[in-house]
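Have a look at the structure below, then the notes.
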Number of protein chains: 2
Amino acid sequence: MTDIEIAKAVELKHINTIAEKIGINPDQLEHYGKFKAKLPLDLINETKASKSKLILVSAISPTPAGEGKTTISIGLNEGLNKLGKSSVVVLREPSLGPVFGIKGGATGGGKSQVLPMEDINLHFTGDFSAIEKAHNLLAAIIDNNIQSKTNNLNIDARTVKWKRVLDVNDRALRQVIVGLGGTTMGVPRETGFDITAASELMAILCLCNNLSDLKDRLGKIFIGFTYDKTPIYAKDLKAQGAMATLLKDAIKPNLVQSIEGNPAIIHGGPFANIAQGTNTVLATKMGMSLADYTVTEAGFGFDLGGEKFLDIKCQSANLKPEVIVLTATIRALKYHGGAALNELETPSPKALKKGLPNLEKHLENALKFNITPIIAINQFTSDTAEEIEIIQEFAKAKGIKAAIANVWADGGNGAIELATEVIKTLENTSSSDFKALYNWDQPVLDKVEVIAKSIYGGSSVDYSAKAKADLKRIENLGLSHLPICMAKTQKSLSDDESRRGRPDNFILNVREIEIAAGAGFLIPITGKMMRMPGLPAHPASENIDIDDQGNISGLF
Amino acid sequence: MTDIEIAKAVELKHINTIAEKIGINPDQLEHYGKFKAKLPLDLINETKASKSKLILVSAISPTPAGEGKTTISIGLNEGLNKLGKSSVVVLREPSLGPVFGIKGGATGGGKSQVLPMEDINLHFTGDFSAIEKAHNLLAAIIDNNIQSKTNNLNIDARTVKWKRVLDVNDRALRQVIVGLGGTTMGVPRETGFDITAASELMAILCLCNNLSDLKDRLGKIFIGFTYDKTPIYAKDLKAQGAMATLLKDAIKPNLVQSIEGNPAIIHGGPFANIAQGTNTVLATKMGMSLADYTVTEAGFGFDLGGEKFLDIKCQSANLKPEVIVLTATIRALKYHGGAALNELETPSPKALKKGLPNLEKHLENALKFNITPIIAINQFTSDTAEEIEIIQEFAKAKGIKAAIANVWADGGNGAIELATEVIKTLENTSSSDFKALYNWDQPVLDKVEVIAKSIYGGSSVDYSAKAKADLKRIENLGLSHLPICMAKTQKSLSDDESRRGRPDNFILNVREIEIAAGAGFLIPITGKMMRMPGLPAHPASENIDIDDQGNISGLF
């Protein structure tokens, strides 16, 4: 059975029932149909939130074999609920681009899914669209200001950093020239489109604490310079009020349910390779206000999502996770050990052993934040007893717990061992254990270096001429105190996606550094990283269909 | 009080109450919060619909003075309900672009508004976003196919007609070059962006009869040619299934309420100057299935929205309106008579008389469809008794009823006279009276000519070289049987926006002819018409704001 077939076979509970389970009066919900609802921000209770145990799920470096970080997060929450705990899972919203491209949806898999999967994977409650519209409104206001004779800030069109965004994998929009057609049509200039998940507005939505903080951050967005070198921000264009108005509903977290009828909060959807990669602060705090345990995920490998979660989000919002679940699969570790994609079903203790250093590095990284990691082995039918034994021996030697999780096939029942380990670990930890990797106040070069060396395992950082000019600009703008949000391939600990396992002795190449003054971080773009994906030769869209009764097929 | 202040002062009824008023079980609704809901298509009942009286509200040629066609439509529905009739108003959804530009919202005004106005004017239930995403997915698939080595239809990039769309007034996107950056980034080509309301997908959504018809029309969208001159359609790219999937919710009409708590169905939002300008067929049929009277509007002046409503939508969906309400204001007629914008508060029987021929022409046009027109004089405080008398005398001489409607200030109470006239007229009409202006099977040139001469009052039609080449292509593609959807300025009966009143002896200049093979019409683009608006020097966005409690200001 495919994911969508499994999902369709579930009889969904009304969202009111799910809400009541975590003490929400259904009257407080803003319904989007029977199975989705927005949660008002006044349900957030900082005192209650500070007592909830925050569990961060991350993973080894992802491979085409699949790791299932979201699936593990959902399954772990089912397991905790099965053990009688009050627990909520808090996740990111999927981006439409990859749904029609190559990656497919992002709502878990098998018996560990959030539902209704087709709605969550498509428009959901419109949050991405709202971000896209607010982002592109600012772009239109900028070009309009450049064009206008009577309301003109003297912006030098060549310095404008603000691009446009669309939630579609459309490589032809990466580099464009706009404003063609003559004097009535605009001022021609080079610019481009990023995918919506990479929008600074997505980052702002994910980091803001309330509507007023949102508006404040929107106003601080850096646009470019005037001809006399004065920096221009969104507030200079009086754009932040209209933009915040467009985000009035998007700021509210969304409530849905898992296959086993447990509450799931889904909100915000930045990618961890090109953005900060974790759901909104408001959703995390919402989850923590409503349950004793809050399971959340940080995108892609721990080197990207995990590091950013801890250094940016946790420092920004004063969150303190107490355990890190590191998702690994035997298939993926074999791939890291050099096995080819078509060999992953074949038992290969040798390839597995060769791939273990990738897991080892992510475990070491977790410990650098003084948080206990637990390995979750996301089980596949092709895994052999010998292979499982190898990982368990490896974990034992390191003094780290490893739990087999069969959540794809068994849902919560498949996560009992993992959930039990998590509960046990939490009994021996404290939220005061957490310490960040760096202080925001350190120099930019130091912050980048500590991530590159300590987390990625590189030997040094190389800055292009453009990146050096960007550094100078950051200093001039007084933004050196901002934390670092790396844009790096998720496929390798290095910036070269072909280097699997645990690469060493590599240089991290910083091509340029984008400024996200509103979100409040700097984005070194490394290697060949693109902030607008492309479609594969045969996009997933070719197989997606809907019949006359509205039944969707081909979503996975 | 501003419109948003009036709107916010209303205590809204739960949408369940509104639904029950027209016999809908609340359980059948898909709620979007407490005050908006989508209606399932199975509520459409063709037999019941065929017995409902369809009332078309249109207007004289619009002026900066404001005519209030939507306000009259909403007020008339309030009036009919006040008179104890079962009546529903069916309207278009506002486009975000103009909300942040110059026009403001499109939810009526004063005491005749649909609510919640701020939600309807912003993202509403996401229909525009869904159209935008499905449209831009097709664009990405096209450029991806051109770029791909292994899945390539040999499309000649120079012939691709499919642009992208955004729901923002962004003139810098009218003409762009995409695909820059080298071999991995795409194939450079000229293209552009239209506003979402002008998307062929909006037209398709508005004309389709069900999900299967929607998908069929999506597949028929014309893209361009291969290098060996074979036409390429969306179905050749296997795009229609994914596009229809994205529109699965957008296809369902939306239910909201008016200030007086009467049902309003709002669905689809094409502009009448650049598209067909009327709400969806499904919404009209939904309204007609649920009430004895269905009030609907056709955008801008009757020459644009009215003609397209009758010749395209009514012929396509077998709808037969029985009365046309022509909205006029004394202010606007004075403007048509040559008065300056700042003189409209000053009584001027002379300017009014000079402006009446604009109204006269629209009345004559209505009669060409064998439908009885009624004049609705949308009252302003500056109107004098003498000026009102002049219109009434004018109407009397023509044998046409004219009713004063004070719906802005008084809501339904201000529409009693108008509603009474409408009911009286309907008692003497039959749905079999309606006859279209032309048959779809006539040659393209004839169809364009009959609109240009008979409706606009022009003397002839001039085709540019490009338009002539387009005509040839339409013939070669076997699409000559499609009806005509003119793109023409709304500000004049001619294609020159500076010619107010009733211009004559003019040539209609057809610049090019776009093909909307999926929607099923041809779009002659006349004069200087643009399908992507720009922002004014000081966009409305500068005054839009939201406070910490989520209260919006500056929307109008």
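The values are calculated or read from the model by the stated rules, or taken from the named source; none is laboratory data. Model, not experiment: these values are computed from the prediction. So basically every Cβ, Gly included, is an ideal-geometry build from the backbone, and we count neighbours across all protein chains shown.
For segment A:339-378, filtered to residues that are of a type outside the set (Val, Ile, Thr) and assigned to a strand (DSSP E or B), the residue that is nearest to A:Glu427 (Cα to Cα) is A:Pro373. Has segment A:74-97 got at least one residue that is modelled with pLDDT under 95 and surrounded by fewer than 17 Cβ atoms within 10 Å (Cβ to Cβ)? Scanning segment A:74-97, I find no residue that is modelled with pLDDT under 95 and surrounded by fewer than 17 Cβ atoms within 10 Å (Cβ to Cβ), so the answer is no. Evaluate segment A:61-72: report whether one residue or more is surrounded by 19 or more Cβ atoms within 10 Å (Cβ to Cβ), polar (S, T, N, Q) and assigned to a loop (DSSP other than H, G, I, E, B). Yes.
For segment A:155-183, which residues satisfy the criterion of being within 8 Å of another protein chain (Cβ to nearest Cβ), farther than 28 Å from B:Ala130 by Cβ and not in a strand (DSSP E or B)? The answer is A:Gly179, A:Leu180, A:Gly181. For B:Gly84, the conditions (1) assigned to a loop (DSSP other than H, G, I, E, B); (2) over 17 Å from the mean Cα position of the chain (by Cα); (3) within 14 Å of chain A (Cβ to nearest Cβ) all hold with the exception of (3). Enumerate the pairs (first residue in segment A:248-275 and on the phi > 0 side of the Ramachandran plot and touching a residue at least 12 places away in the same chain (Cβ under 8 Å); second residue anywhere and assigned to a loop (DSSP other than H, G, I, E, B) and crowded, with 24+ Cβ neighbours inside 10 Å) with beta-carbon separation below 8 Å, excluding pairs fewer than 6 apart on the same chain, so at least 6 apart or on different chains. Listed pairs, sorted by first residue: A:Gly268/A:Arg92; A:Gly268/A:Glu93; A:Gly268/A:Asn279; A:Gly268/A:Thr280. Annotation: B:Asn152 fulfils all but one of (1) more than 8 Å from chain A (Cβ to nearest Cβ); (2) assigned to a helix (DSSP H, G or I); the unmet one is (2). Of all the listed residues (A:Glu497, A:Glu475, A:Glu512), the sole one being out of contact with any Leu (no Cβ under 8 Å at 6 or more places or on another chain) and in a strand (DSSP E or B) is A:Glu512. Residues in segment B:212-259 that are among the aromatic types (Phe, Trp, Tyr) and closer than 16 Å to B:Ala134 by Cα: B:Phe222, B:Tyr233.
B:Glu417 falls short of the stated requirement of being in the same structural domain as B:Gly109 (by TED's automatic domain parsing), acidic (Asp, Glu), closer than 11 Å to B:Val323 by Cβ and in a helix (DSSP H, G or I). Close Cβ contacts (under 6 Å, 6 or more residues apart or on different chains) running from residues in segment B:498-522 that are of a type in the set (Val, Ile, Thr) to residues that are surrounded by fewer than 18 Cβ atoms within 10 Å (Cβ to Cβ) comprise B:Ile507/B:Ser460; B:Ile507/B:Asp462. Residues in segment A:263-287 that are among the β-branched types (Val, Ile, Thr) and within 25 Å of A:Leu29 (Cβ to Cβ) were compared, and the one that is nearest to the chain's Cα centre (by Cα) is A:Thr278.
Taking segment A:366-388 as the range and being of a type in the set (S, T, N, Q), modelled with pLDDT of 95 or more and out of contact with any strand residue (DSSP E or B) (no Cβ under 9 Å at 6 or more places or on another chain) as the test, the residues that pass are A:Asn370, A:Thr384. Only one of the numbered conditions (1) within 14 Å of chain A (Cβ to nearest Cβ); (2) in a helix (DSSP H, G or I) is not met by B:Ile18, and that is (1). So in segment B:22-57, with the set limited to residues that are more than 23 Å from B:Lys85 (Cβ to Cβ), touching a residue at least 24 places away in the same chain (Cβ under 8 Å) and in a loop (DSSP other than H, G, I, E, B), which one is nearest to the chain's Cα centre (by Cα)? Out of the qualifying residues, it is B:Lys36. Scanning segment B:412-428 for residues that are of a type in the set (D, E, K, R) and under 21 Å from B:Thr71 (Cα atoms), we see that the one that is surrounded by the fewest Cβ atoms within 10 Å (Cβ to Cβ) is B:Glu417.
Looking across segment B:516-556, the residues that are within 17 Å of the chain's Cα centre (by Cα) and either modelled with pLDDT under 95 or assigned to a loop (DSSP other than H, G, I, E, B) (or both) come down to B:Ala519, B:Gly520, B:Met529, B:Met530, B:Arg531, B:Met532, B:Pro533. Quick one: in segment B:150-194, of everything that is under 14 Å from A:Gly181 (Cβ atoms) and of a type in the set (A, V, I, L, M, F, W, C), which residue is surrounded by the fewest Cβ atoms within 10 Å (Cβ to Cβ)? Applying the filter and picking the extreme gives B:Ile177. When A:Ser454, A:Ser541, A:Ser553 are checked against the criterion of being within 14 Å of another protein chain (Cβ to nearest Cβ), of a type in the set (S, T, N, Q) and in contact with a Leu (Cβ under 7 Å, 6 or more places away or on another chain), a single residue qualifies: A:Ser541.
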